[in-house]
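I have placed the structure first, in the form of structure tokens, so that the comments after it can refer back to it.
The values are calculated or read from the model by the stated rules, or taken from the named source; none is laboratory data. Since this is a predicted model, take the numbers as computed values, not measurements. In this analysis, Cβ positions are derived from the backbone assuming ideal geometry, glycine residues included, and neighbour counts consider all displayed protein chains. Please note that ligands, DNA and RNA were not included when accessible areas were found on the heavy atoms of the full protein model with its side chains. Shrake-Rupley method; radii C 1.70, N 1.55, O 1.52, S 1.80 Å.
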Amino acid sequence: MGFPDFFAVKPGDLDRMRDRHDIAGLIRALRSSDFAVQTQAAQALGSLGTAAMDELICALKRKNKNVRLGVIGALAIIRDPRSVDPLTETLRDENLEVRWQAAIALGEIGDERAIGALQAVLRDTDKYVRYGAAFALAKLGWKPETAEERAFFFIGMQEWKAAEAVGPAAIPALSHVLTDHDRAVRRKVIEILGSIGDDRAIPALMQGLADSSSEVRWQAVLEAPKCGIDPMYIPRGLSRRPRTAKNALVAGFLNFVLPGLGYGYIGKWYGIMIFQIDITATVYLYKYEGQGSTYAMLVPLYLLLAIHAWYIAKKMPDF
């Protein structure tokens, strides 16, 4: 048994902590690397009811992500109205899993005071968090009052056909979601904007042309004419994209100084193999041929490898 395992929390320990109302101990158990222990500790805290509320609310500020997640799970079980405000603040947590779980918990608690904050979370940059907010709002019985609100809600629920059916009024919501970290989401948004076919989507499509993902950029190329962008101007939009091609001079220089690293720089799998062969060959030649002969044999080879890496990098596509 290793040193850390000696102090590991066991399921039986959690039962005893619950029976003793050891709230602090159960909160510490949430830090366990064992998911089963985390879950049981959260359930045990939830079973203690409102007696645990003060310590749980304080623990929402802990730096440990697992503690915050476990505390939110416990608060969702207890469903005390006092947790609404702290959980609403947690919707701004830096960690997306914490924001997501906080949104779900507010839906479980069922207090309508959370509706305004959850509506704002429909504009989060992460699809999981938006889904949690939309799911919670549905559970709270919230109904969108405007077309734009409907669009944000449908996007949150990943109901793309419904979002498209909103029509041009969905363009602001769809444009906002182009900040999502998932390129599949951004690509879908561009596709829907093309289907809507309104010139008010032009700024969003221009943003899509400059996207970091080649898939999103290509979808924007296909959809741009449908929204009134003249094909003449599409290359100009693409020219604003992040450059993905590697510097050919850097690739050549690396391959000359340390053969194989230049290949690694441009993403070729055999770079590390060549690097290892070079090290072995250099050591062998130094030992049996001497320094002068070693350089005489290897430098021309290094030059050829440098030119080869430069040539490959030069030919690599930038799209």
So how many residues does region 13-60 have that are of a type outside the set (S, T, Y), surrounded by 14 or more Cβ atoms within 10 Å (Cβ to Cβ) and not in a helix (DSSP H, G or I)?
6
Can you find even one residue in region 241-255 that is at pLDDT below 90, open to solvent by less than 40 Å² (accessible area, probe 1.4 Å) and of a type in the set (K, R)?
yes
Conditions (1) assigned to a loop (DSSP other than H, G, I, E, B); (2) modelled with pLDDT of 85 or more; (3) closer than 30 Å to L205 by Cα; number of the one not met by W269:
(3)
Within region 92-107, residues open to solvent by less than 10 Å² (accessible area, probe 1.4 Å) and either closer than 28 Å to R186 by Cβ or basic (K, R) (or both) come out as V98, A102, A103, L106, G107
May I ask you to say which residue of P300, P225, P259 is under 30 Å from A170 (Cβ atoms), free of Cβ contacts under 8 Å to residues at least 60 places away in the same chain and either open to solvent by 20 Å² or more (accessible area, probe 1.4 Å) or not hydroxyl-bearing (S, T, Y) (or both)?
P225
So which residues in region 280-296 are surrounded by 13 or more Cβ atoms within 10 Å (Cβ to Cβ) and hydrophobic (A, V, I, L, M, F, W, C)?
A281, L285
Tell me, yes or no, whether region 185-196 has at least one residue that is touching a Pro at 6+ places or on another chain (Cβ under 9 Å), more than 20 Å from V121 (Cβ to Cβ), open to solvent by 30 Å² or more (accessible area, probe 1.4 Å) and at pLDDT 95 or above.
yes
Selection from region 266-313 of residues that are within 10 Å of G252 (Cα to Cα) and not aliphatic (A, V, I, L, M)
Y302, H308, W310, Y311
Here the residues within region 108-166 that are within 20 Å of the chain's Cα centre (by Cα), outside any helix (DSSP H, G or I) and surrounded by 21 or more Cβ atoms within 10 Å (Cβ to Cβ) are L122, D124
